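The values are calculated or read from the model by the stated rules, or taken from the named source; none is laboratory data. Since we're looking at a predicted model, the values are computed, not measured. Please note: Cβ atoms are built from the backbone with ideal geometry, for glycine as well, and neighbour counts cover all protein chains shown.
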Amino acid sequence: MAEITASIVKELRDKTNAGMMECKNALKETDGDIDAAIKFLRERGAIKAAKKAGREAKEGIVHAQIDAAAKSGVLVEVNCETDFVAKNENFQAFVSELATTVASSAATDLDSANATAKDGGTLDDFVKAKVIELGENLQFRRMERYDVEGSGIVASYIHLGGKVGVLLEVGCGKEETAGADSFHQLVKDLTLQIAAAAPAGISREDIAPELVEAEKDLFRKQLAESGKPPEILEKIIEGKLGKFYSNICLLEQGFIKDPDQSIGDLLASGGKALDDELTVRRFTRFGVGED
C-alpha cells in the first residue's frame, strides 16, 4: 500500500475539487494512483449525482460571460437545493468557472456544453465532482449563446444577486456605432428594462397567437353582459389588446427610467443621435427556478 501523503491528497483536490476525505479515500482505494483516483471520484460523483437527481433544485444563480469585444456572450443557470449554497462563494466561483468554460467553447446548447472538455474530463464531470464537494443536487439547467453577425454588440445584466439574468443583442448599421459610449449606455438601459419588465417578446409578431386569443376570450367574457353590439365589443377588445401588448412587447413598453417614452421611441431617438438605425435583434431572460 502506497503512502497517502498530504501533498498527494492536495494534488487530487486541486484537480477534482472534491473534499479532503473523499480524495484520501479515493487514493486509498487506488493505492495512491492519481489518475485512477480521478476516475474513481468521477464514477462516485456520477453515482452520487444520480442519487441526488430526484431532489428538488430550485435555488441557484444565473451568470453571464461576455467577451472583451462584446461580440459573443453566454447566459447560464445553475441550480442547487438551498439558498445557503446559492449564496456560497465556492458555489458562485464554480458557476463563474462553468460559464467561462462554456463561453470559450463552441457549445450552442446544453448537450454540447456538458460534453465540453474540462480538467481532463467533461463539464458534466466537473458538475458531478462539485456534487460530491457540496453534498447537494446541482443542475446545469440551461444556457443561451449569442454570437454577433454584422455590426452590433452583446450585453448582459445580472439582477438580485443572480436571481435574474439577461442576455441581449442590439444591432446597428455602422460598425463605429458599436464602439460609441452612448450606444453602450442605451444597450445597458435595455438590459435593465428586460430584467425589470420581463417582456414576452420584442414586438407583436413575437407573441404566440394562442396567447393573444386567450386574452381576447377573457375580454369577451368580461364584456359578455355589457349589452353592446358585437362590432362595438370588438373595437373595445382591440383597445384592450393594445394595453396588453404594451405590457408584454419590449418595443411598446414604457421605459422604466421615463415611462412616458416607449422603448421603440428610445431606440429611435438613440439612433437619430448616432445617425444610425438601431435594432433589438434578440434577448433572453432567465429567472432562477422558473418553469
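Structural remarks
- Unique residue being within 25 Å of V288 (Cβ to Cβ) and modelled with pLDDT of 75 or more when the list is I61, I4, I8: I61
- Counted residues, the range 69-93 - those being aromatic (F, W, Y) and closer than 24 Å to A155 by Cβ: 0
- Filtered residues of the range 168-185 (kept if surrounded by 20 or more Cβ atoms within 10 Å (Cβ to Cβ) and either assigned to a helix (DSSP H, G or I) or on the phi > 0 side of the Ramachandran plot (or both)): T177, A178, F183
- Residue selected from the range 186-195 under the condition surrounded by 15 or more Cβ atoms within 10 Å (Cβ to Cβ) and either under 15 Å from the mean Cα position of the chain (by Cα) or not β-branched (V, I, T) (or both), by the criterion farthest from G165 (Cα to Cα): L186
- Test result for S203, surrounded by fewer than 20 Cβ atoms within 10 Å (Cβ to Cβ) and touching a strand residue (DSSP E or B) at 6+ places or on another chain (Cβ under 6 Å): yes
- Residue match in the range 78-97 (condition: more than 20 Å from G287 (Cα to Cα), in contact (Cβ under 8 Å) with a residue 40 or more places away in the chain and over 16 Å from the mean Cα position of the chain (by Cα)): yes
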